[in-house]
Structures are given as structure tokens and as C-alpha cells.
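Every number here is computed from the coordinates shown, using simple stated rules; none is lab data. The shown structure was predicted, so the numbers you read here are calculated from the model rather than taken from an experiment. For neighbour counting, all protein chains shown are included, and Cβ atoms are generated from backbone atoms with ideal geometry for every residue, glycine included.
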Ligand SMILES: Cc1ncc(COP(=O)(O)O)c(C=O)c1O
């Protein structure tokens, strides 16, 4: 059984919600990433979303854009990201890792070569921002054949038939983008999210992670009352950006934020 | 008969819709409106009126006799898109998309621009229709096309310099997409070339084919037959597809698309994805791109801001693969020769983008005989490039 499925079932049994941090691989440098991932798990993360840097991150706000730029200065491309996942797996066999990025690096590697490499690195899910289900048939089949979950986004303006489509092609969980905009933008309206999650649940039994705009423990707590998982990205990456001269500080601050979110979500 | 794309927006393996989920409803809405209005006689009549009285169409087909004689080969005919209102072919498309935006009840227009021609053409139609207009432009381009930045501001547009990535056209497109995702309800994104997710490549083409339809008729009237060759520069590829498309089924007509070779293809400093790139996905479609082995997009180089783009419209990728169009390339220095030739011999100052097409004509025409004809798309005028030219030649203005 897949790690993702396992993890969400365990959480459901214990009545807890998934805390899903996102960081960009290789930011601020390649040596930072794997120890950071282990520290996230120790501080209460249930699933890891690992950003694959891309030169043209169209759906991301300035914070994650700059993270990509920093990582690309170290040439942190897709094949190197897969190596980091393999390294993480050496000492963590349980925490699901989801790659999140854009399609072109996968196109250039080739779908089948990518699916094989992701399987070898023991990746659990792949979320490709600019690959909607209509264009995803080939890629999804290759991933599913290797027990890797293709994870799809839903937006506030996604109609019910679209939710059902994502439910049919996706697996692992659905990622609900809580606002119209790019990552790190504005404030999400929890009432709006609540209403939309009800609609999503009417059309899908997959767990739902909510992300885009979760900045603090309080929002994480509010969302964990209605969603199955809370995704936090820009808030962590901002810590990295604020401590570029001292990555260890960044790590300490990210650990503290993770712990406070975990605590708030469990209380 | 050539009939592309399919209903999902595919030109063979190219094109399609590769966007984040938030954009899907907007793209569906746009596609429905586009399918509907392109068949609506009232919409088409209004578009025709605007093209005639506001843009100044039809644009002339001009026989460049002196230049033809000088080159000693084929007869060269210039399709004078430089004479359009705002000085380039870009306005054919912005007039069309703005009418569509109005029909769809959108109140805010956004656009990306490289050379600034598309930004100016967008700001122009937005001013006329009283729509709010925001133009994204790479910070590098803001600098090298400052005249157009000023024009856009005069027209009431807000110009936002984009500081991310390579700070050129591709980054402006990224930023416009981000704006669109954020303001999806009231905003219409006018893409300036035949790129982007479906239906943009088909829609922009349909607005630009007026170039080729006119040229075909004008050529018949002036020479009694079809041309032997077509030449146009290819950035995203909108002026080129506009000229080429009505001739695709005319197999006697040879077609040449001219990419920017910058410092030369062999230097790697160029903007020629069809000549030296590989297929990938960027900005909502699958097409030839300039990307490295990791799939990261490579920085491009061209003397002309309007050709400085790492991708190309997906239909061109298809036309390359099926061998219907020959894609060739012209360096910065060669383009400058084309620029000067047309200026000195015909009294017409071409845009640096168009100068690439002119430079290829200088290679092609001498290989043909004097009873044959070439139509070359003079996609825009060179006023905007005076600063770049003067700087290049060490002159202060
Ligand atoms: C005069 C002119 N020609 C050509 C281009 C290139 O665009 P496209 O390839 O879409 O025609 C531009 C773009 O700014 C332009 O201003």
C-alpha cells in the first residue's frame, strides 16, 4: 500500500490532520534540503511537498520564485532533486514525499524515464502545476503503474464536473488552492474555503489538502477543522529568505513554526 | 485541406492547454466566446469596420522595384504592416481581442510586451474602449524600448517593469499570467502572439490572417498569379502565421520563417527555438523551446526585443515538422544590413524584427529569377528602434 494512503488512513484513525510543508529543493543551497526535511518530520510534518525549481514558475508568487532562482544558481534540476529524495529515503521510509513543479523538466527528461527515476527514488506523489487532466493521460498512466500518485489542483472556481474529473484521474489527495492567485498571496477566507470543501466532498472521497495563503498557526488550526491536510509553503520559505547569511537560523525558525502549527492543529 | 488545430487546440503533438487549474474556467469561457463570435456576422462586421477606419486596412502591397533590381533576382513585394495605426501588425490582433473582451463584459485588460509594439497596440485599443489597461514588460526591454514605454503611459496604461528571471518577454508573460490568475473575474488577457494556451494560438492567428488574405488578393491583382515565396520574421510567430496561413494549401508557394540568430546559432546566444531548440512545454502550450537538459528555459538573445523569446507558436512547430515551412535564421549583424538596405534603397525604415525578414530576402532573391515574386512581411516600422540603432553605431541622440 502506498505511503500516502497509509499516512492519511493513520491520521484519520487518530483524528489528526496532515501538516504538509512545502520547501523548494536546493534553497538556499543543496546541503540544506535533506537535513531540513528530516527536521520537518521530527517537528510534526506528515507529508513533504518538495518543490522542483523551474526557471519560469508561472503559478508562484515572488517568494517561491526567488527560492527557485536561488536553487537554480546551484543547478538544482529535476535529476538532482530526485537524488535528494533518494538520500532522504535512506533514513526515512515512512514519510510520503510529493514532488511539486512544472511540466517542462519532466517533458525534457521524458515521461517514462521520469516515472522510472521517481520510482527508484521512492517518490510518492507528483503534482505538476501546469498539467491539467486533459493533457495528463500518458503521464498519469505511467505514474499510477508505479504506485506513484498524480496529485491535481482544484481552485475556487472549479465547477463540480471538474472536481469529479480530478477525483477520477488523481490519487493520494486533492490539493485545494484556497484563493484565486499565486502562491504566497493575500489572505484566504475560511468561510469560502469551508463552503467549497463541502462541494468537493460531495464529489470526491479523496483526502483534501488546502494551501496557498496559510501563514500562521492560527490559520492552520482553522483549516485543519475542515480539511484533511494543511499545506504551508511561502511562510517557511520566507524564513529561509530572511536568514540567507545564516541557514541554521532559518532551520531553527522553520522548526519553531512547524511545531507551533502542529500544536495548534492538534489542540 | 489544412485544418488545424483540433478541438482541443492540438497541432499534432503541439499546442494544447497546459495551465494551472485556476485559469481553466477563464480559458473555457474565452474559448466559448471565441467560437461564438468568430461566426457572428455582427461581430465580424464591427471588426471589419475597425480594421478599415481605425487601423487603416487594407495595408498596401508595395513593389520594391529599386531593391529588387539591386539584388538582381526575384521581384520583391512588401506587405506594409508598418503603415497600420501604431506602426505594426500587432494592432490587427488587439482590435479583435478588445472587441471580444467588450462582448464578454470584461473591464480590465492586461498584456505582456517585448518590443512594446503589442503593449502600445493594446493600450491604444483600451484607451479607445475606455478599459483599464496594465502592461507587463521585462525591465531590460523597458530600458531598450523607452519610447514605447512613454507611448503606453500617454495612452493611459500602467506599465509594470518585470524584474524576475531574464527580465525580458518570457518573464513579462509569466507575470501577466500571474495577474490573470489573481484577477480572473474582470480581466481579459490580450496575448500578443500566437502562443499561450488554446484558444490563443488559433485566435490570434485568425485575427492576423487578414495580412495573408489581403496579400493573396493584391498579388493576384498586381502580378496575375500567386507569389513564389513568402518571407516573415518569427518571434512568437503572429505576423508570420498571419501571412502564411492563407497560402498553406498552395503548394507552389515556398514559405520561409526567419528566426533571430543573435550572435550566431553556434554561439548559443540566439532566439531560434525552431532552428536550434527542442519540444517542451511553456506558457500553456507544447512547442519548440530553448531549454537545457534539466528543462530549464535558457536565456535568449536578439538585437530585436520582439524576437527575444525562447518559445514559438505551436502551429509553427507543426509546420516545421511536416516540412511545409522552412525555418531559417538571421544574425543581428545580418539584420542590420537588411535594415540599412531597405532604408537607403526604398526610403522605408523597418523595425529591427522585420529587418530579419529583409535580410533573408537579400539571400533568397538573388537565387530566383526576375519573373518570380517574393512577398515579405514588413511587420512594423523602425521608429521605436532609433535609440538601439544610434547606440549600436555610437551616435548620441
Ligand atoms: C514589428 C514587429 N515584428 C515582429 C514581432 C514579433 O512578433 P511575432 O512573431 O508574433 O510577429 C514584433 C513583436 O514585438 C514586432 O513588434
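General remarks:
- Per-region count, segment A:122-140, residues within 10 Å of chain B (Cβ to nearest Cβ) and in a helix (DSSP H, G or I): 3
- Test: residue in segment B:7-30 that is farther than 25 Å from residue B:195 by Cα and without any contact (Cβ under 8 Å) to a residue 24 or more places away in the chain: no
- Look at segment B:220-237: where a residue is over 22 Å from residue B:277 (Cβ atoms) and a partner is in a helix (DSSP H, G or I) and within 16 Å of the ligand (Cβ to nearest atom), sitting 6+ places away or on another chain with Cβ atoms under 7 Å, you get B:230/B:243; B:230/B:244.
- Filtered residue count, segment A:8-33, keeping only those that are part of a helix (DSSP H, G or I) and more than 19 Å from residue A:126 (Cβ to Cβ): 9
- Scanning segment B:110-154 for residues being in a loop (DSSP other than H, G, I, E, B) and within 16 Å of the ligand (Cβ to nearest atom) gives a total of 4.
- Residues that are in contact with a helix residue (DSSP H, G or I) (Cβ under 8 Å, 6 or more places away or on another chain) and more than 9 Å from the ligand (Cβ to nearest atom), drawn from segment B:79-92: B:79, B:84, B:85, B:86, B:91, B:92
- Residue within segment B:203-214 that is within 15 Å of the ligand (Cβ to nearest atom) and within 25 Å of residue A:64 (Cβ to Cβ) present: no
- The number of residues in segment B:215-234 being more than 14 Å from the ligand (Cβ to nearest atom) and closer than 27 Å to residue B:111 by Cβ comes to 1.
- Those residues of segment B:294-318 which are away from the ligand (no atom under 15 Å from the Cβ) and within 14 Å of another protein chain (Cβ to nearest Cβ), in sequence order: B:294, B:295, B:296, B:297, B:298, B:299
- For segment B:1-19, filtering for residues that are assigned to a loop (DSSP other than H, G, I, E, B) and either surrounded by fewer than 20 Cβ atoms within 10 Å (Cβ to Cβ) or more than 10 Å from every other protein chain (Cβ to nearest Cβ) (or both) leaves 10.
- Taking segment B:223-341 and the helices (runs of 4 or more DSSP H) fully enclosed by it, the elements with 3 or more residues that are more than 19 Å from residue B:169 (Cα to Cα) are at B:238-244, B:314-321.
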